[in-house]
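Working notes for the structure below.
The values are calculated or read from the model by the stated rules, or taken from the named source; none is laboratory data. Owing to the predicted nature of the structure, the values given are computational and were not obtained by experimental measurement. All Cβ positions, even for glycine, are placed from backbone atoms using ideal geometry, and neighbour counts span all protein chains on display.
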Amino acid sequence: MNTSDQRLVLLISGRGSNMEAFIQGVSDGSIPGSIARVVSNRPGAAGLDIARAAGIDTVTIDHRDYDSREAFDADLAEAVAAADPDLVILAGFMRILTPVFVDRFEGRLLNIHPSLLPLYPGLNTHQRALDNGDTLAGATVHYVTSELDGGPPVLQASVTVQPDDTATTLASRILTLEHQIYPQAAIWHLDGRLRYHAGQAWFDDAPLPATGLQWNEK
Ligand code: GRF
């Protein structure tokens, strides 16, 4: 299959370091596709400047202009669909999405969450891992369903928690791994090795376990 013309749309809310990893992967040819559009819900997102500097089409849909999540999601979905994506990447997109958006892109919608899902859906994940005395922390790429951070995991990377770790030091070590596992999961999806079917994630036609594949740092 010629995959090089596949189109990615990325959604961001902030600094966009995961988005940058995708820009890098497209530019060095490791991701078999192009970034058709970057959409932000925040006009001031620093990642927008990075995307524009890379020559990528950007659109802002400001959630503060909407009375309901559903109305926002309807316009967001239009802005994404207009770019005709094969794969939609939530890259630090900090809005809860309703079925109005999620159902439209089911099976081609990925997110990265900074915990070892199913542990710690939601916010403050690193502090929660520390407070719980966990020995491992990490990040998970998962297909998105309308359950918050509840869609099937596809790829997970862990780090060992050190005695002097804070939420900040953990976040920084884990972010480095996020920049590796997120493009890798996208590559597998675009290559057809990874897919979503019947509420589950599949890799090479076998259903994945509840924590997805485990990443071994190279
Ligand atoms: C990352 O920690 C990611 O796991 C979470 O939001 C953060 C986004 O960071 N979903 P960035 O904007 O990609 O730098």
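Could you check the range 75-97 and list, in sequence order, the residues that are of a type in the set (A, V, I, L, M, F, W, C) and within 16 Å of the ligand (Cβ to nearest atom)?
First pass over the range 75-97, keeping only residues of a type in the set (A, V, I, L, M, F, W, C): 76-77, 79-83, 87-91, 93-94, 96-97.
Answer for the range 75-97, where residues must be of a type in the set (A, V, I, L, M, F, W, C) and within 16 Å of the ligand (Cβ to nearest atom): V88, I89, L90, A91, F93, M94, I96, L97.
Of all residues in the range 176-189, those that are in contact with a strand residue (DSSP E or B) (Cβ under 8 Å, 6 or more places away or on another chain) and over 15 Å from N216 (Cα atoms) total 3.
Scanning the range 169-213 for residues that are closer than 19 Å to T125 by Cα and not in a helix (DSSP H, G or I) turns up A210, T211, G212. Within the range 23-42, the set of residues being farther than 21 Å from L76 by Cα and either crowded, with 20+ Cβ neighbours inside 10 Å or among the acidic types (D, E) (or both) comprises I23, G25, D28, I31, G33.
In the set V26, V9, only one residue is within 16 Å of the ligand (Cβ to nearest atom) and assigned to a strand (DSSP E or B); that residue is V9. Does T60 satisfy the condition of being in contact (Cβ under 8 Å) with a residue 12 or more places away in the chain and more than 21 Å from H142 (Cα to Cα)? Considered against the rule, which asks whether it is in contact (Cβ under 8 Å) with a residue 12 or more places away in the chain and more than 21 Å from H142 (Cα to Cα), T60 comes out as yes.
Mind listing whichever residues of the range 66-119 are under 12 Å from the mean Cα position of the chain (by Cα), farther than 16 Å from Y143 by Cβ and not in a loop (DSSP other than H, G, I, E, B)?
Start the filter on the range 66-119 by keeping residues that are under 12 Å from the mean Cα position of the chain (by Cα), which leaves 87-94, 108-114.
Now restrict to residues that are farther than 16 Å from Y143 by Cβ: 92, 94, 114.
If the condition is that a residue be under 12 Å from the mean Cα position of the chain (by Cα), farther than 16 Å from Y143 by Cβ and not in a loop (DSSP other than H, G, I, E, B), then no residue fits.
Based on what the data block shows, is I187 within 12 Å of the ligand (Cβ to nearest atom), at pLDDT 95 or above and β-branched (V, I, T)? No; evaluated as a whole, the condition is false for this residue.
The residues in the range 134-159 that are in a strand (DSSP E or B) and within 16 Å of P114 (Cβ to Cβ) can be counted, and the count is 14.
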